[in-house]
1. Of all residues in the stretch 65-105 being assigned to a loop (DSSP other than H, G, I, E, B) and within 9 Å of the ligand (Cβ to nearest atom), which is nearest to the chain's Cα centre (by Cα)?
2. Evaluate the stretch 217-228: report whether one residue or more is in a helix (DSSP H, G or I), touching a residue at least 24 places away in the same chain (Cβ under 8 Å) and surrounded by fewer than 16 Cβ atoms within 10 Å (Cβ to Cβ).
3. Name the residue, out of ALA160, ALA112, ALA176, that is surrounded by fewer than 18 Cβ atoms within 10 Å (Cβ to Cβ), within 20 Å of CYS29 (Cα to Cα) and either touching a residue at least 12 places away in the same chain (Cβ under 8 Å) or not charged (D, E, K, R) (or both).
4. So which residues in the stretch 184-205 are in contact (Cβ under 8 Å) with a residue 40 or more places away in the chain, more than 14 Å from the ligand (Cβ to nearest atom) and in a loop (DSSP other than H, G, I, E, B)?
5. Need pairs with beta-carbon distance below 9 Å; first residue closer than 16 Å to GLU20 by Cβ and aromatic (Phe, Trp, Tyr) and within the stretch 55-72, second near the ligand (Cβ under 10 Å from one of its atoms) and part of a helix (DSSP H, G or I); sequence gap 6+ or separate chains.
6. Are there any pairs, at least 6 apart or on different chains, whose C-beta atoms fall under 7 Å, with the first in the stretch 82-104 and farther than 16 Å from GLU142 by Cα and the second more than 16 Å from the ligand (Cβ to nearest atom) and part of a helix (DSSP H, G or I), and if so, which?
7. Return yes or no: is SER148 in contact with a Pro (Cβ under 8 Å, 6 or more places away or on another chain) and under 23 Å from LEU235 (Cβ atoms)?
Amino acid sequence: MSNQDSETIHTAVRDHYRREAENFSSECCGSKAPCDCSSSKNYAVGDLQGLPEGLADVSLGCGNPVSAIDMRAGDTVMDLGSGGGLDCFLSAKKVGPTGMVIGVDMTPEMIAKAQANALKVGASNVEFRPGQIESIPVADGEVDVVISNCVINLSPDKPAVFREMFRALKKGGRVAVSDIVTSGPMSPIVAKSLESWAGCVAGALDMEEYRNGLIAAGFQDVAVTPTDGTPLASLAKRLPGLPFSALITAKKP
Ligand SMILES: C[S@@+](CC[C@H](N)C(=O)[O-])C[C@H]1O[C@@H](n2cnc3c(N)ncnc32)[C@H](O)[C@@H]1O
């Protein structure tokens with residue numbers, strides 16, 4: 001993809017999420033993505049207890065990476081594409097006052113929304129940094145855990161994102177990502193639609209490509225599993241190229 005195409009995608013995605021920041025729809029990616037991944041289903045009532053009213057509605061994700069990973073007191077966690085900040089606030093509770101959570105997002109209105117939400121939550125161990133996930137604003141080896149919820153599919157340069165995740169993690173660092181993937185190639189007509197890209201459909205990687213991309217960046221123990229529990233062996237029965245939500249886990253050696 002040329003630099004100009006990448007910039008066109010970044011601009012379309014930023015415009016979409018600027019509008020979402022102004023008027024949260026609480027749908028996966030702010031669209032009716034055909035993947036049955038409505039954000040309200042992703043969090044158990046207990047996960048959200050103690051959050052100020054309305055905060056539970058700021059999710060535009062397609063899963064719950066926070067509940068899928070073992071976060072320890074004192075860990076530094078980074079959330080790629082942190083949106084309104086819900087996963088950051090849930091992580092902040094897990095890592096406690098000796099830990100730290102860094103949310104990264106390229107949409108200024110989302111950063112402002114997340115910062116306003118942090119004040120409501122009273123979270124002092126969460127920081128939101130503006131930036132792109134293809135060039136993450138953290139030092140080498142700064143973080144113990146990378147999470148992300150329905151964002152990497154939006155990137156026009158996934159290999160760069162995987163390299164950056166690897167660079168940012170400490171040795172032994174862990175990854176839990178919820179994302180939209182496919183099993184098989186997507187229709188070229190859908191893949192070319194900018195609107196579908198911003199709605200988390202057109203940029204979805206085939207799950208094997210996702211796995212191989214993480215391995216190429218240096219990760220090990222990479223697993224890609226459908227969020228709804230569909231056994232991998234049954235995926236072949238689905239229409240090829242149909243997007244669905246998956247949990248992706250990996251480790252830096
Ligand atoms: C579908 S929303 C998900 C937000 C959040 N993770 C959640 O679960 O609610 C995608 C978010 O990723 C951000 N984003 C998309 N592409 C990005 C990129 N290349 N770099 C940084 N942020 C990005 C958008 O601004 C938006 O806030």
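Bear in mind that the values in this text are calculations on the coordinates, not laboratory data. Keep in mind the model is a prediction, meaning the values are calculated, not measured. Note: ideal-geometry Cβ built from the backbone for every residue, glycine included; neighbour counts use all protein chains shown.
1. Filtering the stretch 65-105 down to residues assigned to a loop (DSSP other than H, G, I, E, B) leaves 65-75, 81-85, 96-99.
From what's left, within 9 Å of the ligand (Cβ to nearest atom): 65, 81-85.
On the way: PRO65: 8, GLY81: 6, SER82: 7, GLY83: 9, GLY84: 12, GLY85: 11 Å.
Going through the qualifying residues, I end up with GLY81.
2. Going residue by residue through the stretch 217-228, those that are in a helix (DSSP H, G or I) are none.
No, the conditions are met nowhere in the stretch 217-228.
3. After ruling out the rest, the residue left standing is ALA112.
4. Residues satisfying the conditions are GLY184, PRO185, MET186, SER187.
5. none
6. Every condition considered, no pair remains.
7. yes
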